[in-house]
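Heads up: the structure comes next, in structure tokens.
The values are calculated or read from the model by the stated rules, or taken from the named source; none is laboratory data. Bear in mind that the values here come from a model prediction, so they are computed numbers and not experimental data. Virtual Cβ from ideal backbone geometry, glycine too; neighbours counted across all protein chains shown.
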Amino acid sequence: MRTKTLFSIFIVFFLVLFFFFYKGLQNPNIYTPSVEIKKDIPNFEAKLFNTNELIFSEKVFKSDKFYLINIWSSWCVPCRDEHSFLLRLRENVDIIGLNYKDKIVNAKKFLNEFNSPYRLILSDPDGTIAIEWGAYGVPETFLIYNKKILKKYIGPLNENSLLEIKRMIK
Amino acid sequence: MKYLNFLIIIIIVFNSNFLNAQEQKLKNEITKNLRCLVCQGQSVYDSDTEFANSLKILVERKLDEGLSEKQIYDFFKEKYGEWILYDPQFNKSTYFLWLLPVLMFLLGGAIIFKLFIKKKN
């Protein structure tokens, strides 16, 4: 009798275990970053792309104002795709560019060719500022209001994200 | 006096080497415990992606700033979530993971014990 009870407990235990692991298998096992984050923007200092002058992040972002920070690079192909969307957003919101691990000559050539949507460009030659932002590649775009990150767009912007940004900053 | 100066210089050089080696060791240890988010399944230490290389620089910088190992883990956890740590901490979503082996051990032990006692009797 006792062996039987023990055996049933054993079976139930493994069934529960199977259920948990089966559920677990359905979860994505790759990193899926959350896009809706109400986090404060990081404090950092960066060099200005044009003048090489050091600037603190507090001086770049003011309260009660919407900003887009766009991490881009001249060597990044998807950045070319999203460029037209950034140009279309230029009138609606201040866009800050973060030039990621790029050669200045190439970056300038890129901007001359495609036009600059940025009000200000910061340099990130070793990619550490992008990490302060919690980014993990290019392109990535953050919508900021009141020094808080409202939303993060991973990968190139598209028509949908453009409409969403316009709706959010109204 | 000349010898004394020479000795002091040698001591300083050797000590700084020792400190550098210690810091390098700690840096390696930390980067081995961080997951590269671009080529997942590799640690930051093993990976050579742009992301991992930047992370290595940042770890070094944070160590220079005097942050402890735990503070550095917390910093990255805040940015990227628990996922970036290879050594998950004990909390609500990981208690099953940590307690399961103990539970299995106890259950297995109980069964063996039962069988053993039964046989003996």
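Values computed for the structure shown
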| item | result |
| --- | --- |
| Residue match in the stretch A:14-32 (condition: facing chain B (nearest Cβ under 9 Å), surrounded by 12 or more Cβ atoms within 10 Å (Cβ to Cβ), closer than 19 Å to B:LEU97 by Cβ and modelled with pLDDT under 80) | yes |
| From B:PHE96, B:PHE76, residue being modelled with pLDDT under 85, of a type outside the set (A, V, I, L, M) and out of contact with any Ser or Thr (no Cβ under 7 Å at 6 or more places or on another chain) | B:PHE96 |
| Looking only at the stretch B:46-76, and only at residues there that are part of a helix (DSSP H, G or I) and hydroxyl-bearing (Ser, Thr, Tyr), the one that is nearest to B:GLU23 (Cα to Cα) | B:TYR73 |
| Residue ranges of strands (runs of 3 or more DSSP E) in the stretch A:112-170 with at least 1 members at negative phi and in contact with a Ser or Thr (Cβ under 7 Å, 6 or more places away or on another chain) | A:148-154 |
| Every residue from the stretch B:90-116 that is away from chain A (no Cβ under 13 Å) and surrounded by 12 or more Cβ atoms within 10 Å (Cβ to Cβ) | B:TRP98 |
| Positions within the stretch A:127-152 being surrounded by fewer than 20 Cβ atoms within 10 Å (Cβ to Cβ) and under 13 Å from A:TRP72 (Cα atoms), in sequence order | A:GLY137 |
| Selection count where residues are of a type in the set (Gly, Ala, Ser), over 16 Å from the mean Cα position of the chain (by Cα) and away from chain A (no Cβ under 12 Å), scope the stretch B:39-87 | 1 |
| Any hit, the stretch B:73-80, residues being of a type in the set (Ser, Thr, Tyr) and either in contact (Cβ under 8 Å) with a residue 60 or more places away in the chain or out of contact with any strand residue (DSSP E or B) (no Cβ under 7 Å at 6 or more places or on another chain) (or both) | yes |
| Matching residues, the stretch A:102-112, being crowded, with 18+ Cβ neighbours inside 10 Å and not aromatic (Phe, Trp, Tyr) | A:ASP102, A:ALA107, A:LEU111 |
| Positions within the stretch A:98-126 being at the interface with another protein chain (Cβ under 9 Å from one of its Cβ atoms) and in contact with a strand residue (DSSP E or B) (Cβ under 6 Å, 6 or more places away or on another chain), in sequence order | A:TYR100, A:ASP124 |
